[in-house]
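Notes follow the structure.
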Ligand SMILES: Cc1cc2nc3c(=O)[nH]c(=O)nc-3n(C[C@H](O)[C@H](O)[C@H](O)COP(=O)(O)O)c2cc1C
Ligand code: SF4
Ligand code: SF4
């Protein structure tokens, strides 16, 4: 089983490619979370992969929450690995996952792989820059070939966190601050189609009087709502205006 969390397709595509080549199945953690299926119970000997994006150098809060709620059953017969996708700084995702797995199961993952790809953090990156997007996608594809071979051979390689504890802590605080939904605004381009609400893995959005309304103070900040909007009507602070939208062109939503 390969569990992935993905808002703009990088992790979905990665998990699907690994699944196709290792005769495994890719499972959306976002969909599992939405339907309340938290438990992670691979069969004896079954590999367990996590393909996850990096958020402020760590795990997306929805992933942490999912794993904290889950019953996780693992023993030494399961080959457990992570693939951390990221744009420019991989941070401490693998270390955070190791801590959670250890607390739950008494063991950590066997291997960590890094996959640099398109950075979908649209406040900082202009995703209308097709040269950047195309070259990042090409590089990611090349790296993925090696990652798949390593997984197929059940290689055991662990990576250290990129950042020391104080920096990691600072980034976690920044993530919490940034995840306030009051940072979202909707322009007059909105046609009330509801796609943003459908996309939200936390059901934070509802459409009222033809406009999305964010029902909770915080969310996991996947920005899926912003990237999916057919009218590009959602902004997350002024910084995203003019920076376009992204979805990995190699996989379907
Ligand atoms: C809230 C948020 C924070 C992010 N923080 C980082 C980061 O700290 N370092 C990094 O390299 N990329 C960061 N990214 C980029 C994503 O990790 C990267 O684009 C990932 O491949 C997206 O996966 P997906 O397409 O499956 O959603 C961030 C993206 C989001 C939405
Ligand atoms: S996806 Fe865009 S157009 Fe559709 S309801 Fe949401 S903001 Fe409006
Ligand atoms: S409100 Fe938008 S950014 Fe927040 S979790 Fe839902 S889809 Fe993701």
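The values are calculated or read from the model by the stated rules, or taken from the named source; none is laboratory data. Just so you know, these numbers come straight off a predicted model, no measurement behind them. Note that we place each Cβ from the backbone using ideal geometry, even for glycine, and neighbour counts take in every protein chain shown.
Scanning the stretch 144-157 for any residue that is within 21 Å of the chain's Cα centre (by Cα) and within 16 Å of ligand 2 (Cβ to nearest atom) turns up nothing.
Mind checking whether some residue in the stretch 121-137 is more than 12 Å from ligand 1 (Cβ to nearest atom), over 16 Å from residue 7 (Cβ atoms), assigned by TED's automatic domain parsing to the domain that holds residue 53 and in contact with a strand residue (DSSP E or B) (Cβ under 8 Å, 6 or more places away or on another chain)? No; the residues of the stretch 121-137 include none that is more than 12 Å from ligand 1 (Cβ to nearest atom), over 16 Å from residue 7 (Cβ atoms), assigned by TED's automatic domain parsing to the domain that holds residue 53 and in contact with a strand residue (DSSP E or B) (Cβ under 8 Å, 6 or more places away or on another chain). Restricting the stretch 4-17 to residues that are buried (at least 24 other Cβ atoms within 10 Å of the Cβ) and away from ligand 3 (no atom under 16 Å from the Cβ), which is farthest from residue 247 (Cα to Cα)? Checking each candidate, the answer is 15. Going residue by residue through the stretch 41-62, is there one that turns out to be within 23 Å of residue 200 (Cβ to Cβ), out of contact with any helix residue (DSSP H, G or I) (no Cβ under 9 Å at 6 or more places or on another chain) and outside any loop (DSSP other than H, G, I, E, B)? Looking through the stretch 41-62, none of the residues is within 23 Å of residue 200 (Cβ to Cβ), out of contact with any helix residue (DSSP H, G or I) (no Cβ under 9 Å at 6 or more places or on another chain) and outside any loop (DSSP other than H, G, I, E, B). Residue 218 satisfies every condition listed in (1) farther than 21 Å from residue 11 by Cβ; (2) touching a helix residue (DSSP H, G or I) at 6+ places or on another chain (Cβ under 8 Å); (3) surrounded by fewer than 14 Cβ atoms within 10 Å (Cβ to Cβ) except (3).
When residues of the stretch 148-166 are filtered for being in contact (Cβ under 8 Å) with a residue 60 or more places away in the chain and farther than 10 Å from residue 111 by Cβ, how many remain? Write out each step before concluding.
Residues of the stretch 148-166 that are in contact (Cβ under 8 Å) with a residue 60 or more places away in the chain, as a first pass: 148, 151-152, 154, 158-163.
When the remaining residues are screened for being farther than 10 Å from residue 111 by Cβ, the result is 148, 152, 160-163.
So the answer is 6.
Considering (1) near ligand 2 (Cβ under 9 Å from one of its atoms); (2) assigned to a strand (DSSP E or B), the lone condition that residue 213 does not fulfil carries the number (1). For the stretch 218-240, a tally of residues being within 14 Å of ligand 2 (Cβ to nearest atom) and assigned to a loop (DSSP other than H, G, I, E, B) returns 6.
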